[in-house]
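Each value in this text was obtained by applying a stated rule to the coordinates, not by laboratory testing. This is a predicted model, so every value here is computed, not measured. So basically every Cβ, Gly included, is an ideal-geometry build from the backbone, and we count neighbours across all protein chains shown.
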Amino acid sequence: MSTYEEVKKDAQERANATGYDIGVEKLCGSYRSFMLPQKKNRFGHELWCEVVSCTDLSKCKPGHGPNA
């Protein structure tokens, strides 16, 4: 079982490497991360997960990041 800290760290590394937002959620007692679609295309669980964005905003892909 992965801890929240491990999953969040991995999500931040993936977001920084790809420029895409990564979602973090708790599911059945453990945590998981997954790539999110553009902000305008998020529905269901994609709306209530924690969103991890790239720390360098200039590298964020269109529709991703806090300014999307």
Ignoring everything except DSSP H segments at least 4 long, calculate the 222 nm mean residue ellipticity for the chain; use -39,500 (n - 2.57) per segment, divide by total residues, nearest 500.
-8000 deg cm²/dmol
Between Ala68 and Glu25, what is the label-point separation in nm under the 7 Å Cα-to-beta-carbon projection?
1.5 nm
I want to check the label-to-label distance for Ser58 and Glu5. Put each point 7 Å from Cα in the C-beta direction and report it in nm to one decimal.
3.3 nm
Under 19 Å from Lys61, Cα to Cα: lysines that are on another chain or at least 8 residues apart
Lys39, Lys40
Nearest 10 degrees, 0 to 90: what angle lies between the long axis of helix 4-18 and the longest principal axis of the chain (Cα atoms)?
20 degrees
Each residue of segment 51-68 in order: what ³J(HN,Hα) in whole Hz does its phi give by Karplus 6.51 cos²θ - 1.76 cosθ + 1.60, θ = phi - 60°, with x for Gly and Pro?
9, 10, 10, 4, 6, 9, 4, 6, 9, 5, 6, x, x, 10, x, x, 9, 6
Once the Cα gyration tensor of segment 4-57 is diagonalised, semi-axes √(5λ) in Å:
17, 15, 7
Label-point separation in nm, Phe34 to Glu50, each point 7 Å along Cα→Cβ:
1.7 nm
